[in-house]
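To start, the structure itself, in structure tokens.
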Amino acid sequence: ICSCCCLSRRLNQLSSHDPLWKRHCKKYWLISEEEKSQQNQTWKALFISTYSDLGRYIRYYATLKKAWDDLEKYLGQRCPRMIGSLKESVREEDLDAVEAQIGCKLPDDYRCSFRIHNGQKLVVPGLMGSMALSNHYRSEDLLDIDTAAGGFQQRLGLKQCLPLTFCIHTGLSQYMALESVEGRNKYEIFYQCPDQMARNPSAIDMFITGTSYLEWFTSYVNKVVTGGYPIIRDQIFRYVHDKECVATTGDITVSVSTSFLPELSSVHPPHYFFTYRIRIEMSKDALPEKACQLDSRYWRITNAKGDVEEVQGPGVVGEFPIISPGRVYEYTSCTTFSTTSGYMEGYYTFHCLYYKDKFFNVTIPRFHMVCPTFKVSTARMVSADAETNHNEYAVDEDEDSTDTDEYEDRRRMLDIPAPSGRCPRHT
């Protein structure tokens, strides 16, 4: 448009038409009428001045700015401490200096995000989600650019990988590959998973969490701001709820959400760790005499090979909760599979408080747990016919799924950071 204005007087007039630039300012830079009035510039001047600073990010800026704005608005009402930990944007020259320091180019979508916010301080809770079990706590911070650069890897197994997140309790990070080396795609994002059976320390498998920074960050934000991840005690918990994982028996509804824990899992040996969160609720319209108490649980656990295990035991989390009209009881538990996926289903047995000899079962809906896509380390020594570079990794281990209600944790405890280390089931 600027070039056209040099051709004729009429094109010069048209190219200066402010409504034309207003549309572009709102589309590419998300500039509001209020912000424009504060700048005291024409829309054209405002677009050009912004472009001179952020022009290289014109493909990404609006998407990332909206994601950040939505996240701040949503968390500002629910997790104010977390918003207070965010850092101001960095300058273009700061990002250039980091590229010179690590000797690699940063992707433009990653750079663009840091022109909006420079990650967060190393605090709890972390912006990128938390998880808590009885003896395990994780909360991931989004690293600022200088801390990320300090953790840039050149060692075998993580060569040319930049950390995006960090958990101060477990040391867990999500990394982004800045080059296509060691079996990774450029800009792929993953959790590292050391091969516990390999003698070579560079044998590191990967649980893939994103194909680019833009996709990784915006998909996470979308799950947060749409309520896909629950907010519990001022923290984001990365439990995924399937709307089909709900069952109602009489006046009682049971719903389930699940989460995969990469830090407690491994590809080799095959050991996949999941946690699930169960909500038991009685309708507020139920009659008072419907009040009841949970006596026992029954689980039917099936892995990807079709092997079935049945478990029955008293109560849940060592408790026997009473459910009355309008009351909700929630708890978390965990299980492991030797296969990449599996599912659980079952029922709770209750007795009525008003009629002591009346017992009934409440259905627990079937819920599936699936390991995310992973890649096997290129350093692993395997036979030519052992194709292991996909999620159908062949396993033949004796370990099977295990119900671990003895390690369940009440929701009221989720805001207390537990000691670092593995869950008691795996110590």
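Each reported figure results from applying straightforward, stated rules to the coordinates on display, with no laboratory input. This structure is a prediction, so every number in the text was calculated from the model and none was measured. A quick note on method: Cβ atoms are made from the backbone with ideal geometry, for glycine too, and the neighbour counts reach across all protein chains shown.
Structure summary
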{"read-out": "q = 0.19 Å⁻¹, the range 34-154: log10 I(q)/I(0) [Debye, one scatterer per Cα]", "value": "-1.15"}
{"read-out": "Highest average packing first - 110-117, 70-77, Cβ atoms within 10 Å", "value": "110-117, 70-77"}
{"read-out": "Cα-projected label distance for L20 with S324, points at 7 Å along beta-carbon direction, nm", "value": "7.1 nm"}
{"read-out": "Principal-axis tilt of helix 213-225 within the chain, Cα atoms, nearest 10 degrees", "value": "60 degrees"}
{"read-out": "Per-pair calculated FRET efficiency, R0 = 51 Å: T249 and I58 via Cβ, rounded to 0.05", "value": "0.40"}
{"read-out": "Whole-number percent relative contact order across the chain, with pairs defined as alpha carbons under 8 Å at least 6 apart", "value": "13 percent"}
{"read-out": "Difference of contour (0.36 nm per residue) and Cα-Cα distance, V123 to V308", "value": "62.4 nm"}
{"read-out": "Crossing angle, helix 61-78 versus the chain [Cα axis fit, 0-90 degrees, rounded to tens]", "value": "50 degrees"}
{"read-out": "Cα-centred dipole magnitude for the chain, charges only on beta-carbon of K, R (+1) and D, E (-1), debye, nearest 20", "value": "1780 debye"}
{"read-out": "Angle in degrees between helix 18-28 and the longest Cα principal axis of the chain, rounded to the nearest 10", "value": "40 degrees"}
{"read-out": "Reported label for calculated semi-axes √(5λ) of the Cα gyration tensor in Å given [x] 45, 24, 23; [y] 57, 22, 18; [z] 46, 30, 18", "value": "[z]"}
{"read-out": "Approximate spin-label separation E179-K358, in nm, with each point projected 7 Å along Cα-to-Cβ", "value": "7.2 nm"}
{"read-out": "Environment charge of Q120, counting only residues whose C-beta is closer than 15 Å and scoring Lys/Arg +1, Asp/Glu -1", "value": "-4"}
{"read-out": "Estimated inter-spin distance, E33 and E72, nm [label 7 Å along Cα→Cβ]", "value": "2.2 nm"}
{"read-out": "Links that overshoot a 26 Å alpha carbon limit, given the list K65/K105; K36/K66; K186/K243; K44/K186; K159/K375", "value": "K186/K243; K44/K186"}
{"read-out": "Stretch gain in nm, segment I231-V370, where the contour uses 0.36 nm per residue and the Cα spacing is subtracted", "value": "47.8 nm"}
{"read-out": "Over the range 61-225, relative contact order from alpha-carbon pairs under 8 Å, at least 6 apart, %", "value": "18 percent"}
{"read-out": "Residue of L127, L158, L11 that the Gaussian network model of the chain assigns the largest fluctuation, springs spanning Cα pairs under 10 Å", "value": "L11"}
{"read-out": "Sequence-distant residues sharing a close amide H with D242 (under 5 Å, placed H)", "value": "T258"}
